[in-house]
Amino acid sequence: MSLVVQLLGRPRATRAGAEAYRFRSRKSWALLAYLLLTERAPTRAQLAGMLFAEADDPLRTLRWSLAEIRRALGADGSVDGDPVVLHLDATVVVDVAVLAHGSWVEAVGLPGLGAELLDGVTLQGAAAFESWLLSEQRRVAASAEAVLHEAALGWLSRGVLDTAREYAVRAAAMSPLDENSQALLIRLYRLAGDDEAAERQFAAWSKVAESELGVGPGVAAIAALQEVARRPEQVADAASTAAVVEAGSAAVSAGAVDAGAQSLRTAVRLADAAGLDGLRVRARLVLAEALVHALGGLDEEGLATLYEADAVARASGDADASAQARAELGYVDFLRARYDRAEVWLTDAQAIGAGSLALAAKTTTYLGSVESDRGSYLRATDLLHDAVRLSREAGDPRREAFALSMLGRLELLCGRADAAARHLDASLSLAEQDRWLAFLPWPQALRGEADLVRGDLTSAAELLRQAFARACQIGDPCWEATAARGLALLAEASGDTGRAFEVLIDARVRGRRLADPYVWLDVHILDALCELGLRHEHPGTRRWVDTMRELASRTGMKELVVRSRLHGAALGDAGDAEAAALLAQEVDNPALDLRVRALV
């Protein structure tokens with residue numbers, strides 16, 4: 001029987017349900033967990049310093065723990081070398097790997113789902129490892145909540161509301177301040193016809209939002225409360241239903257998004273009543289696009305619609321439509337910083353929709369963006385260059401402009417302002433040629449920041465102010481926050497520190513005013529607040545550093561996790577300097593390496 005390694009909850013290794021080996025040291029479990037979860041093989045010296053620095057002979061103690069791991073693996077794997085490489089046979093099951101890369105159907109069956117990573121494993125004299133473990137525990141907990149959320153949506157798409165609600169309750173309990181989880185639960189109560197429960201849940205969330213977040217319920221929760229149980233629609237023929245889809249799509253394109261979305265909801269009901277599978281999928285895909293890309297704060301309804309589209313498409317054998325739905329599911333998870341789950345959806349979409357150049361351009365762009373957010377810049381660079389090429393071949397200038405903007409952002413993050421400016425200029429040119437005015441503030445704000453880094457404050461001011469004005473005109477929270485962040489950095493460079501703090505705090509408010517913010521951007525703004533706070537000894541710095549550390553850790557934003565540790569080290573937090581050096585090994589950014597080396 002193959003080996004099963006459980007790291008969720010109290011760790012254990014089993015074969016056929018029986019214990020395969022009992023580790024004699026908690027540090028052996030710590031070592032195995034680190035080797036399983038880190039992306040780059042560590043050297044023996046690094047491992048010895050991280051876990052066994054207080055031993056009389058750290059390298060000898062490391063060898064002993066590696067021998068324990070070999071006994072546990074038996075014939076199912078190996079661990080050796082310097083750097084230390086862990087190899088597992090394909091038959092070995094590791095619960096955290098299933099959680100990150102398996103389908104939600106596989107992941108929700110894990111015995112330890114929702115339990116803490118390495119529960120009960122506490123170490124003495126290993127501050128850097130404890131810091132790393134805390135980050136991983138937060139990330140794994142967020143992954144478990146994301147899988148429960150997926151399971152709720154998956155059962156909802158199948159019409160099994162009771163089971164969907166059970167998972168939604170667990171997801172909401174794991175993330176009590178996430179409006180999307182609350183909205184899903186409220187929506188499920190309404191769809192089941194339990195209006196009283198929906199109203200109680202809405203009232204409870206309103207109270208929590210007011211007391212904990214200082215805001216009232218957002219668009220997502222309000223929309224969920226207005227959901228109605230689905231009733232049979234009068235049967236219409238295919239031509240009439242298609243006409244409703246076209247009318248709704250045209251209205252959305254013309255800017256009448258609310259009216260268009262309502263028409264598309266009607267089209268979904270008409271297609272369902274008539275059993276028109278092609279139109280059932282098409283109406284849902286068009287509706288989901290409007291909800292996710294055009295209507296602020298309604299990504300949660302858009303997700304439910306995409307799950308339904310995928311379920312109908314798979315049942316009817318429409319692989320292309322299933323791939324389109326999964327690509328959009330990956331995009332929403334990218335925005336929410338659920339990067340493992342985004343990667344699952346996007347790679348699925350690529351496999352199912354192989355042969356479609358347009359789909360390849362879309363999924364490659366999103367995968368490159370995911371890797372960039374994670375801090376895996378080498379992989380992101382390759383993917384985004386491929387995305388530019390694929391978009392060009394597909395004749396999709398908007399997709400090309402988006403991919404170029406993400407390349408520009410990547411170069412800016414790595415301290416290469418000249419390269420960033422070239423990519424961003426190309427992105428702006430394509431967007432202007434295609435009259436994609438709703439997108440322009442994003443590359444324009446980044447372009448302004450590139451000039452700021454290069455010391456051209458006059459050009460930076462012109463670009464950033466125009467980007468901010470355009471973003472406000474459009475009403476896009478993400479673009480507003482991006483431009484505001486740049487304006488704050490400009491204010492500090494101009495000597496107006498008070499204004500810089502004021503604008504940065506406002507940037508966070510702008511970017512988070514809907515339930516579906518771009519999470520990476522929020523943490524990026526927090527990073528700037530921490531930098532300024534440390535430099536000018538602002539009293540809010542400790543709060544900002546703690547918040548940044550929590551958000552970055554939960555989402556797996558590797559560079560921003562390192563930066564949060566650097567901020568913590570500057571505040572005197574024990575173990576943070578060592579943890580930053582440890583974690584920085586997985587980030588492909590020479591500019592970050594310089595900062596870490598300067599500290600350590």
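The table for this structure:
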quantity: Packing-based order for 259-267, 438-446, 138-146, 96-104, using average beta carbon neighbours within 10 Å, highest first; calculated: 438-446, 138-146, 259-267, 96-104
quantity: Residue order, fewest to most beta carbons within 10 Å, for THR547, THR365; calculated: THR547, THR365
quantity: Amide hydrogen neighbours beyond the local backbone of LEU117, cut-off 5 Å, H modeled; calculated: GLY9
quantity: Karplus-derived 3J(HN,Hα), 6.51/-1.76/1.60, for each residue of region 571-580, Hz, glycine and proline x; calculated: 8, x, 6, 5, x, 6, 4, 5, 5, 4
quantity: Region 1-153: C-alpha gyration tensor shape, a/c 1.5 cut-off, then a/b vs b/c; calculated: prolate
quantity: Derived scalar couplings ³J(HN,Hα) [region 360-369; Karplus, 6.51 cos²θ - 1.76 cosθ + 1.60; whole Hz; x for Gly, Pro]; calculated: 4, 5, 5, 5, 5, 4, 5, 5, x, 5
quantity: Distance in nm between pseudo-label sites at ALA53 and SER25 (7 Å out along the Cβ direction from Cα); calculated: 1.7
quantity: Spin-label proximity, ASP593 to region 39-61 - amide N less than 12 Å from point 7 Å beyond Cα toward beta carbon; calculated: none
quantity: Residues ILE474, ILE186 arranged by fewest to most Cβ contacts within 10 Å; calculated: ILE474, ILE186
quantity: Whole-number percent relative contact order across region 97-161, with pairs defined as alpha carbons under 8 Å at least 6 apart; calculated: 44
quantity: Cα shape, region 1-72, gyration tensor, a/c 1.5 rule; calculated: prolate
quantity: Radius 15 Å from Cβ of LEU306, net charge of other residues (Lys, Arg +1; Asp, Glu -1); calculated: -1
quantity: Cut-off under 5 Å, modelled amide H: who pairs with LEU86 long-range; calculated: none
quantity: Positive minus negative residues near TYR189 (Lys, Arg vs Asp, Glu; Cβ under 12 Å); calculated: -2
quantity: Near-label residues of region 1-45 by backbone N, under 13 Å of a point 7 Å along Cα→Cβ of ALA75; calculated: 1-3
quantity: Residue-wise HN-Hα coupling along region 139-149, computed from phi with Karplus coefficients 6.51, -1.76, 1.60 (Hz; x: Gly, Pro); calculated: 5, 5, 4, 5, 5, 5, 5, 5, 5, 4, 4
quantity: Exposure proxy ranking, count of Cβ atoms within 10 Å, fewest first, for ASP373, ASP95; calculated: ASP95, ASP373
quantity: Ratio Rg/Rh [Cα only; Rh per Kirkwood] for region 238-332; calculated: 0.95
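Where a number appears in this text, it was derived from the coordinates with a stated rule and is not lab data. Everything quoted here is computed from the prediction, not taken from an experiment. When we count neighbours, we look across all protein chains shown, and the Cβ atoms used for this are built from the backbone with ideal geometry, even at glycine.
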